[in-house]
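Peer 1: Please see the structure below; I have some questions.
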Amino acid sequence: MLITQTPLRISFLGGGTDYPEYFEKYGGAVLGTAVDKCAYFAISRFYSKLFDYSIRIAYRKVECVSSLNDIEHAPFRECMRWTGLHQDVEINHSAELPAGTGLGSSSSFTVGLLNTIYAYQRKLVPNLELAYEAIDIERNVLKESVGVQDQTFAAVGGFNLIEFRSMGNFVVNRVPFSPIRLEEFENHLMVFFTGIKRRADELASKQVKKVEFNLKRLAAMRLLVDEGYNVLAGSGPISAFGDTLHKSWMLKRSLDEAISNDTVDELYQAGMDAGAIGGKLLGAGGGGFMLFFVPPEKKPAIAKKLANYQQVDFHVNSRGSHVVHADSERYVSQFPAVIREAA
């Protein structure tokens, strides 16, 4: 058995400029981080001649099928088809947090599954290439209106400013944190679940159609990426990052009326009234997790004010998709050193 771990992500600034419909013409960038909440895959050989099916996959449900075409779960089916894996395999998926909550889980699924199958096939695919392939599958095979930041964070990990210059030409710039600065930043984060799940591709599709209408807003959001990066990489008060988040959220929610709603607005205002400097809804909008940037001494007040909402703690700067277990000495000996170390 081989097991992989793929991170979810938190996007702070620039979301909306990572759609090809925008950055192919104007250039885009996001500032965000892979986090310590992850998706996991376990893959092992399945001896189909002993059973009446040849593929077994498990997620919320279990599918036991004789043909790739019989798989109902489209990302599972198309990732297997993409990699040429057609039979004699069992793959199990689990995740620490649910889908539809603004953390890029769908893309973490695609990246993680691709990486799992390639590792099983003893193929070492560079992380950024893994992201490009996941984007190709999601946009061109599954026909989903998605951006490209989620796949990139899932594949490369880290805390980054990612520039989108054109399709297939992404530049990943690591944020040069000192350990003390990184800890200070992390101590300012609070994340609460709004209680609303939604389909990100439906919201994204609406935003893509309004790209030309929102050019000025998107350009302003792109500039805030650099502003936020300079705060984090500098030595000035880190509280300025909260102000940047607030400005970005005000711009983001004006892109389309479906991005926010009464529940989201009330939650955000409650957090701000209790002492947050800034914040934003994570993901495409409509629901999911709300992030606040909070002075540590204000955290108890906000926790009390938002006690009816589930809070989840995150650690930032997590590693990209990778193998965490390979249960076969013969398998490990035939694979690159990075896998041997993980095993």
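The values are calculated or read from the model by the stated rules, or taken from the named source; none is laboratory data. From a predicted model like this one, the values you see are computed outputs, not experimental measurements. Every residue, glycine as well, gets a Cβ built from its backbone with ideal geometry; the counts of neighbours run over all protein chains shown.
Peer 1: Are any residues in region 1-19 within 17 Å of the chain's Cα centre (by Cα) and outside any strand (DSSP E or B), and if so, which ones?
Peer 2: GLY14, GLY15, GLY16, THR17, ASP18, TYR19
Peer 1: Whether any residue in region 50-66 is aliphatic (A, V, I, L, M) and touching a Lys or Arg at 6+ places or on another chain (Cβ under 6 Å) is what I want to check. First the steps, then the outcome.
Peer 2: Just the residues of region 50-66 that are aliphatic (A, V, I, L, M), to begin with: 50, 55, 57-58, 62, 65.
Those left that are additionally touching a Lys or Arg at 6+ places or on another chain (Cβ under 6 Å): none.
Within region 50-66 (the criterion being aliphatic (A, V, I, L, M) and touching a Lys or Arg at 6+ places or on another chain (Cβ under 6 Å)), the answer is no, since none of the residues qualifies.
Peer 1: I've got another one for you. For region 96-136, give me the residue count where each residue is free of Cβ contacts under 8 Å to residues at least 60 places away in the same chain and among the hydrophobic types (A, V, I, L, M, F, W, C).
Peer 2: 6
Peer 1: Determine, yes or no, whether VAL208 is outside any strand (DSSP E or B), under 20 Å from the mean Cα position of the chain (by Cα), over 25 Å from LYS37 (Cβ atoms) and not hydroxyl-bearing (Ser, Thr, Tyr).
Peer 2: Yes, satisfied.
Peer 1: Now a separate question. Applying the selection to region 168-202, what residues are surrounded by 17 or more Cβ atoms within 10 Å (Cβ to Cβ), out of contact with any helix residue (DSSP H, G or I) (no Cβ under 8 Å at 6 or more places or on another chain) and assigned to a loop (DSSP other than H, G, I, E, B)?
Peer 2: If the condition is that a residue be surrounded by 17 or more Cβ atoms within 10 Å (Cβ to Cβ), out of contact with any helix residue (DSSP H, G or I) (no Cβ under 8 Å at 6 or more places or on another chain) and assigned to a loop (DSSP other than H, G, I, E, B), then ARG198 is the only one that fits.
Peer 1: Out of all the residues in region 7-64, which are in contact with a Cys (Cβ under 7 Å, 6 or more places away or on another chain) and free of Cβ contacts under 8 Å to residues at least 24 places away in the same chain?
Peer 2: Selection gives TYR53 alone.
Peer 1: Filter region 228-250 for residues that are farther than 22 Å from GLY285 by Cα and more than 22 Å from the chain's Cα centre (by Cα) and give the result.
Peer 2: ASN230, VAL231, ALA233, GLY234, SER235, GLY236, PRO237, ILE238, SER239, ALA240
Peer 1: Are there helices (runs of 4 or more DSSP H) fully within region 285-343 with at least 2 residues that are at pLDDT 95 or above and under 23 Å from LEU189 (Cβ atoms)? List them.
Peer 2: Once the helices (runs of 4 or more DSSP H) in region 285-343 are filtered for at least 2 residues that are at pLDDT 95 or above and under 23 Å from LEU189 (Cβ atoms), what remains is 299-305.
Peer 1: Take region 88-132 and flag every residue that is in contact with a strand residue (DSSP E or B) (Cβ under 6 Å, 6 or more places away or on another chain), assigned to a loop (DSSP other than H, G, I, E, B) and at negative phi.
Peer 2: GLU96, LEU97, THR101, LEU103
Peer 1: Continuing with the same structure: When residues of region 201-244 are filtered for being under 22 Å from GLY104 (Cα atoms) and touching a Ser or Thr at 6+ places or on another chain (Cβ under 7 Å), how many remain?
Peer 2: 9
Peer 1: Ok, one more. In region 245-284, which residue that is of a type in the set (S, T, N, Q) and part of a helix (DSSP H, G or I) is modelled with the lowest pLDDT?
Peer 2: Going through the qualifying residues, I end up with THR263.
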